[in-house]
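*Asks:* Below is a structure I'd like to ask you about.
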Amino acid sequence: MQEYSLGQRSLAEVLGTALLVLVGPGSVVATLKLAGNSTPAVTGADLLGISFAFGLVIAAAVYALGKVSGCHINPAVTFSLALTKRFPWREVPAYWAAQVVGAVLGALAIWAVFAHSAIDLGMGQTSFDQSTIAWGSAIAAEGIGTFILVLTVLGIVDSRSPTELAGLVIGGVVVAIIMVMGPITGASLNPARAFAPELVSAFGNGATHWNQLIPVYILPGLVGAGLAGVVYDLLAAPRIVERPIKEAVTHPDDDGVAQPDPGRVAATK
């Protein structure tokens with residue numbers, strides 16, 4: 001298998017996260033720009049379009065860059081992989097730094113494309129209305145959403161799964177999660193994606209929601225991602241299961257042709 005240096009892998013993470021932020025939050029800005037003074041500014045159909053923008057760019061990044069860096073493009077994914085010993089802790093700082101840098105570059109690209117209207121339209125930031133949505137609901141939405149995302153990532157990249165579908169499956173679950181959690185928190189599911197538009201908005205003297213960043217968009221995601229790794233390992237680890245005696249000694253007669261015992265095969269894997 002081709003080995004890539006940490007520098008190459010970090011660069012891939014920069015590029016992948018930049019593309020995610022440019023296209024994902026950028027689609028929010030584009031939607032609001034097209035909506036003009038329409039009410040509501042974002043309809044259900046718009047939410048579907050935004051969710052597909054996120055899902056498709058993630059799928060593209062997985063297929064383009066997954067072979068190089070694994071295409072984490074999300075600090076929560078990197079954290080879960082390290083926590084469950086799938087990724088070395090010594091490389092976590094490099095990946096996190098690359099993801100944050102890439103996210104900021106992607107947010108700056110939104111600003112470059114849409115000029116100051118990007119700042120006026122919110123830079124595709126994720127935030128929740130504290131007057132109508134409880135903090136507990138927002139925290140739960142981000143934690144559960146990230147749990148589902150990381151559980152899916154771990155499942156599809158398992159060597160026993162059809163890994164050629166990884167991009168489509170991961171992109172697809174992002175679409176599904178955004179459709180449910182989007183109206184609550186914007187469904188960041190990614191600390192770097194949440195941080196970068198806030199930072200660039202601050203650069204442009206736009207609105208910011210710094211008080212929500214850590215308690216809603218960073219900590220719950222890391223907890224949800226870590227829990228997903230632990231749960232997946234508990235569920236999917238190979239194990240030997242005792243078979244009932246009747247099943248163990250009874251074999252179907254298939255035209256006299258001996259067939260392999262599926263229970264015994266499974267027990268030896």
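*Asks:* So which of A103, A107 ends up being modelled with pLDDT of 95 or more, assigned to a helix (DSSP H, G or I), touching a Pro at 6+ places or on another chain (Cβ under 7 Å) and closer than 23 Å to S27 by Cβ?
*Replies:* Values: A103 fails: touching a Pro at 6+ places or on another chain (Cβ under 7 Å).
Unique residue meeting the criteria: A107.
*Asks:* To continue, here is another question. Looking only at region 115-155, filter to residues that are touching a Lys or Arg at 6+ places or on another chain (Cβ under 8 Å) and either of a type in the set (D, E, K, R) or part of a loop (DSSP other than H, G, I, E, B) (or both); which one of those is farthest from S38 (Cα to Cα)?
*Replies:* So, considering only residues that are touching a Lys or Arg at 6+ places or on another chain (Cβ under 8 Å) and either of a type in the set (D, E, K, R) or part of a loop (DSSP other than H, G, I, E, B) (or both), the one farthest from S38 (Cα to Cα) is T126.
*Asks:* Can you pull out every residue in region 7-31 that is open to solvent by 40 Å² or more (accessible area, probe 1.4 Å) and out of contact with any Phe, Trp or Tyr (no Cβ under 9 Å at 6 or more places or on another chain)?
*Replies:* If the condition is that a residue be open to solvent by 40 Å² or more (accessible area, probe 1.4 Å) and out of contact with any Phe, Trp or Tyr (no Cβ under 9 Å at 6 or more places or on another chain), then G7, Q8, L11, L15, L19, L22 are the ones that fit.
*Asks:* Under 8 Å between Cβ atoms, which residue pairs at least 6 apart in sequence (or on different chains) link something in region 1-27 that is closer than 12 Å to G70 by Cα with a partner that is part of a loop (DSSP other than H, G, I, E, B) and open to solvent by 60 Å² or more (accessible area, probe 1.4 Å)?
*Replies:* Listed by first residue and then by second, the contacts come to A12/Y4.
*Asks:* State yes or no: is T78 among the polar types (S, T, N, Q), at pLDDT 95 or above and either open to solvent by 50 Å² or more (accessible area, probe 1.4 Å) or closer than 28 Å to A237 by Cβ (or both)?
*Replies:* Details: among the polar types (S, T, N, Q): yes; at pLDDT 95 or above: yes; either open to solvent by 50 Å² or more (accessible area, probe 1.4 Å) or closer than 28 Å to A237 by Cβ (or both): yes.
Yes; evaluated as a whole, the condition is true for this residue.
*Asks:* Before we move on, is V174 assigned to a helix (DSSP H, G or I), in contact with a Gly (Cβ under 7 Å, 6 or more places away or on another chain) and either of a type outside the set (G, A, S) or under 15 Å from E142 (Cβ atoms) (or both)?
*Replies:* Details: assigned to a helix (DSSP H, G or I): yes; in contact with a Gly (Cβ under 7 Å, 6 or more places away or on another chain): yes; either of a type outside the set (G, A, S) or under 15 Å from E142 (Cβ atoms) (or both): yes.
So V174 fits the description; yes.
*Asks:* If we keep just the residues of region 109-134 that are of a type in the set (A, V, I, L, M, F, W, C) and without any contact (Cβ under 8 Å) to a residue 60 or more places away in the chain, which is most open to solvent (accessible area, probe 1.4 Å)? Quick ask: steps written out before the conclusion?
*Replies:* Within region 109-134, the subset of a type in the set (A, V, I, L, M, F, W, C) is 109-115, 118-119, 121, 123, 128, 133-134.
Subsequent filtering for residues that are without any contact (Cβ under 8 Å) to a residue 60 or more places away in the chain retains 112, 115, 133-134.
On the way: A112: 83, A115: 55, I133: 30, A134: 58 Å².
Of everything passing the filter in region 109-134, A112 is most open to solvent (accessible area, probe 1.4 Å).
*Asks:* Separate question: Criterion first (among the charged types (D, E, K, R), at pLDDT below 50 and within 32 Å of the chain's Cα centre (by Cα)) does K269 satisfy it?
*Replies:* Yes, satisfied.
*Asks:* Confirm whether T163 is among the hydroxyl-bearing types (S, T, Y), open to solvent by 30 Å² or more (accessible area, probe 1.4 Å) and either closer than 15 Å to A225 by Cα or modelled with pLDDT of 95 or more (or both). First the steps, then the outcome.
*Replies:* Values: among the hydroxyl-bearing types (S, T, Y): yes; open to solvent by 30 Å² or more (accessible area, probe 1.4 Å): yes; either closer than 15 Å to A225 by Cα or modelled with pLDDT of 95 or more (or both): no.
So T163 does not fit the description; no.
*Asks:* Whether any residue in region 46-67 is under 20 Å from E198 (Cβ atoms), open to solvent by 30 Å² or more (accessible area, probe 1.4 Å) and not charged (D, E, K, R) is what I want to check.
*Replies:* Looking through region 46-67, none of the residues is under 20 Å from E198 (Cβ atoms), open to solvent by 30 Å² or more (accessible area, probe 1.4 Å) and not charged (D, E, K, R).
*Asks:* If you don't mind, another one. For region 184-239, name all the residues that are within 19 Å of F79 (Cα to Cα), surrounded by fewer than 19 Cβ atoms within 10 Å (Cβ to Cβ) and among the β-branched types (V, I, T).
*Replies:* Scanning region 184-239 gives I214, V223, V230, V231.
*Asks:* Moving to a separate point now. Does any residue in region 194-215 that is closer than 22 Å to I139 by Cβ come within less than 9 Å, Cβ to Cβ, of a residue that is of a type in the set (D, E, K, R) and modelled with pLDDT of 95 or more six or more places away or on a different chain, and which pairs are these?
*Replies:* A194/E142; T208/E198; H209/E198; W210/E198; L213/E198
The values are calculated or read from the model by the stated rules, or taken from the named source; none is laboratory data. Just so we're clear, the structure is a prediction, and the values are computed from it rather than from any experiment. Neighbour counts are summed over all protein chains in view; Cβ atoms, including those assigned to glycine, are modelled from backbone coordinates with ideal geometry. These accessible areas exclude ligands, DNA and RNA; they are computed on the full protein's heavy atoms, side chains included. Shrake-Rupley method; radii C 1.70, N 1.55, O 1.52, S 1.80 Å.
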